[in-house]
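Undergrad: The structure that follows is given in the form of structure tokens.
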Amino acid sequence: MLIEPKVAVGRVRAGMRVEDVVAQLCDPQRRTANALEYTRLGFAVMPGPDGTVQVVMCGDVTGINGPLVKAFTGRTPQGIGLNSSREDLLKAYGQPTSDEQLRGGTESMRYVPLGITFTLEGGKVYHMIVRLATDAPPDRSVTIEAAPATNQN
């Protein structure tokens, strides 16, 4: 499965709506208020308020030994995926936009221009947040309201 930040994670593409994802991947193993969870594939799809997919969460939030780490097989064009090392990330993408040490010896490396965040435990990637851009331009419309009529008496 190919991970293309801002574009796609496998068959989940930027601009898709929830119903499009279900048509491509069938029903998820679990639905929550905020996500379609495809546990057999090791990821969850999170739509925005308009129902368009915004984020794909890949791997397991519980850590490097979580079951979803084994289930998710996606890789970026640079070969980065779950269990990639910190050194692999730096070699592929350079220094992150932000690098935060978290509780329990975990680390979050965020690459804003790429649209991807990696979470590591023991120097190995166990979770990725892949942001998908939408093709729709931002709404820049302006609403002009007429001023209330004044009484000229």
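What follows is calculated from the coordinates using simple rules that are stated; it is not laboratory data. Every value quoted in this text rests on a predicted model; they were computed, and no experiment measured them. In this analysis, Cβ positions are derived from the backbone assuming ideal geometry, glycine residues included, and neighbour counts consider all displayed protein chains.
Undergrad: How high is the FRET efficiency from LEU2 to ARG103, r the C-beta distance, R0 41 Å, rounded to 0.05? Display every interim value, and only then the final one.
TA: Working: r = 32 Å, r/R0 = 0.79.
It comes to 0.80.
Undergrad: Starting from the Cα of ALA92, step 7 Å along the direction of its Cβ; do the same at ASP27; then give the gap between the two resulting points in nm.
TA: About 3.4 nm separates the two model spin labels.
Undergrad: Mind checking the dipole of the chain: about its Cα centre, +1 per Lys or Arg Cβ, -1 per Asp or Glu Cβ, Debye to the nearest 20? Don't skip to the answer; put the middle values down first.
TA: Numbers: 16 positive and 16 negative charges, 76 e Å.
My answer is approximately 360 debye.
Undergrad: If a/c stays under 1.5 just call it rounded; otherwise compare a/b with b/c (prolate if a/b is bigger, oblate if not). Do that for the chain, with a ≥ b ≥ c from the square roots of the Cα gyration tensor eigenvalues. Provide the component values of the computation, followed by the final result.
TA: Numbers: a/c = 2.53, a/b = 1.81, b/c = 1.40.
Taking the square roots of the gyration eigenvalues as a ≥ b ≥ c, the chain is prolate.
Undergrad: Which distance in nm do the two modelled labels at THR39 and THR73 give, with both placed 7 Å along the Cα-to-Cβ direction?
TA: Rounded to a tenth, the inter-label distance reads 2.0 nm.
Undergrad: Using a Gaussian network for the chain with springs between C-alpha atoms less than 10 Å apart, which of these wobbles most: ASP88, ASP50, ASP99?
TA: ASP50
Undergrad: Could I ask something else about it? Return the long-range amide H neighbours of GLU4 (sequence gap of 5 or more, or a different chain), with a cut-off of under 5 Å between placed amide H atoms.
TA: Result for GLU4 returns VAL9, GLY10.
Undergrad: Calculate one ³J(HN,Hα) per residue across segment 92-103 by plugging θ = phi - 60° into the Karplus curve 6.51 cos²θ - 1.76 cosθ + 1.60, and present them in order as whole Hz with x for glycine and proline.
TA: After applying 6.51 cos²θ - 1.76 cosθ + 1.60, I find 6, 10, x, 5, x, 4, 9, 9, 10, 7, 10, 4 Hz.
Undergrad: Check which residues have an amide H placed less than 5 Å from MET16's amide H, if you skip close sequence neighbours.
TA: Residues meeting the criterion, in which the H sits 1.01 Å from N, are VAL53.
Undergrad: If you don't mind, there's one more thing I want to ask. Between SER108, SER85, SER98, where does the largest GNM mean-square fluctuation fall for the chain, given springs only between Cα atoms within less than 10 Å?
TA: So, out of SER108, SER85, SER98, the one fluctuating most is SER98.
Undergrad: Could you check the spin-label model distance between GLU19 and VAL61? Points 7 Å from the Cα along Cα→Cβ, value in nm.
TA: So the two model labels end up 2.8 nm from each other.
Undergrad: Could you please state, rounded to a whole Å, how far the C-alpha centre of segment 23-53 is from the C-alpha centre of segment 67-113?
TA: 22 Å
Undergrad: Pairs of alpha-carbon atoms within less than 8 angstrom and 6+ residues apart define the contacts here; what relative contact order does segment 3-131 have, in percent? Please list the in-between numbers first.
TA: Values: 254 pairs, mean separation 28.7, N = 129.
The normalised contact order for segment 3-131 reaches 22 percent.
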